[in-house]
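Below: the structure, in structure tokens.
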Amino acid sequence: MMNMLSSLVAVALVASGVQAAAAPQQLSPGVVAKGTHLVTGALATMDPTLAPWTFFADAEITKGECTAAIAAEIPDCFTITLPADPKKGQRGQFRTPPVPADGSIYYASWTSNIPSKGVSLFGDEGFHLFELFSSDIGAFSYVGITDNEVFLTIPNGTVTPNTPLSGFTDRNAYHQIELVTGKNGKIDFNVTDKVTGERLLTFLYFGQVGGKDVSFHVGSTRANPVKGQTGFVENVGQFFYEKRTTA
């Protein structure tokens, strides 16, 4: 049902008034994040009122390591690598600072690709590919993987039927999400195969979206280390984010 593979990102308003965001630093090929660091990256917001995206890595995020085939569809490709048999939780996430859950409307998109080779995710690993996050209530909606199946948990606690992970690997998945924050909120989320146009996921929700704020966390997160876990690789890029006036 989901090929949420990867990851989304949100960006935040710098302030209630219009204020230009600082220019993000340019990233050269190689390791751009490793260890518990919050780093500002060269991810243009396309909107001067929004702050630059950041990324957080307990594991490793690199640039310039995607295969030629993947890079052809994801030119600004980043690779998130979670090593096998971890001793602690791992994450490689692209994040945005929180925006107030005040009824504002945001749109975001990105492309991801999860290679199938060696992927095996079993048990309660706490594995997430995308999160909608509030600083006061945590991850209130997320795409997860358990027993090699993908599922989606929405704000009211409903869990979608599991779908085999194999249906979403080795594909360039194009993710689009429109979010209306706050009490009368909306989540309109779609994932398609960028090459064939096949619809991989469609999801629409109305209701409370966020606690006091909302941010997007896109990328691979493994919360519960278990002996014997395999490594995991996700390629992600082509991030876009903007604030809209109408849904």
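The values are calculated or read from the model by the stated rules, or taken from the named source; none is laboratory data. All values derive from a computational prediction rather than experimental measurement. Backbone-built Cβ (ideal geometry, glycine too); neighbour counts: all protein chains shown. Protein only, heavy atoms only, side chains kept; ligands, DNA and RNA dropped before computing areas. Shrake-Rupley method; radii C 1.70, N 1.55, O 1.52, S 1.80 Å.
A few remarks follow.
- Heavy-atom accessible area per residue - region 97-247, 1.4 Å, Å²: 40 Å²
- Loop-located trypsin sites (Lys or Arg not before Pro) in region 79-157 whose Cβ has at most 16 other Cβ within 10 Å (DSSP): 87, 88, 117
- Listed residues 106, 121, 138: farthest to the positive end of the dipole of region 80-216 (Cβ charges): 106
- Sum of side-chain charges, residue 113 neighbourhood, beta-carbon under 11 Å (Lys, Arg +1; Asp, Glu -1): -2
- For residue 244, nonlocal amide neighbours, meaning residues 5 or more places apart or on other chains whose placed amide H falls under 5 Å from its own, are 105, 106, 107.
- Extension gain (nm, one decimal) between residue 186 and residue 148, 0.36 nm per residue minus Cα-Cα: 10.8 nm
- Gain in span if fully extended, residue 65 to residue 156, counting 0.36 nm per residue against the direct Cα distance: 28.9 nm
- Charge tally in the Cβ shell below 13 Å around residue 65, where Lys, Arg are +1 and Asp, Glu are -1, residue 65 excluded: -2
- Between the residues 176, 247, 163, the greatest Cα displacement towards the positive end of the dipole of region 147-247, with unit charges on the Cβ of Lys, Arg, Asp and Glu, is found for 247.
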